[in-house]
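The values are calculated or read from the model by the stated rules, or taken from the named source; none is laboratory data. Bear in mind the structure is a predicted one, so any value in this text is a computation, not a measurement. Here Cβ is always computed from backbone atoms with ideal geometry, including for glycine, and neighbour counts include all displayed protein chains.
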Ligand SMILES: [Zn+2]
């Protein structure tokens, strides 16, 4: 059985992990960072670490589990990443558009009666 050496960034333990306990996440677009994850057997915290090309190659050769994530084209469209802040008007527009304005009014009612 293959093993993977790593360190836990929570308890700093040096670990020798069975390959099947490590999950490599590879994205279909290069600008999305590949990662690998495992749960530390000592402190039981999940570790998620970046995986550059060299680490991906090592992990694949160690037969870790591999998850391939398809990144839709729309997420690379700069127009979708408008840096404008969300305003109260945006939230109200969303609530009205979603037909949830009655629910929001009920949620806000206890606060109004405190005055
Ligand atoms: Zn740990």
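Note on segment 1-11: among residues that are more than 13 Å from the ligand (Cβ to nearest atom) and in a loop (DSSP other than H, G, I, E, B), the one that is farthest from residue 68 (Cα to Cα) is 1. In summary, residue 42 fulfils each of the numbered conditions (1) within 16 Å of the ligand (Cβ to nearest atom); (2) not assigned by TED's automatic domain parsing to the domain that holds residue 18 with the single exception of condition (2). For segment 67-82, the count of residues that are surrounded by 11 or more Cβ atoms within 10 Å (Cβ to Cβ) and touching a residue at least 60 places away in the same chain (Cβ under 8 Å) is zero. The set of residues from segment 60-74 being out of contact with any strand residue (DSSP E or B) (no Cβ under 8 Å at 6 or more places or on another chain) and assigned to a helix (DSSP H, G or I) comprises 61, 73, 74. Where strands (runs of 3 or more DSSP E) sit wholly within segment 12-59, those with at least 1 residues that are over 18 Å from the mean Cα position of the chain (by Cα) occupy 14-18.
Here is a yes/no grid of residues against (1) surrounded by 13 or more Cβ atoms within 10 Å (Cβ to Cβ); (2) more than 15 Å from residue 58 (Cβ to Cβ); (3) out of contact with any strand residue (DSSP E or B) (no Cβ under 7 Å at 6 or more places or on another chain):
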position	(1), (2), (3)
12	no, yes, yes
17	yes, no, no
24	yes, no, no
27	yes, yes, no
35	yes, no, no
40	yes, yes, no
46	no, yes, no
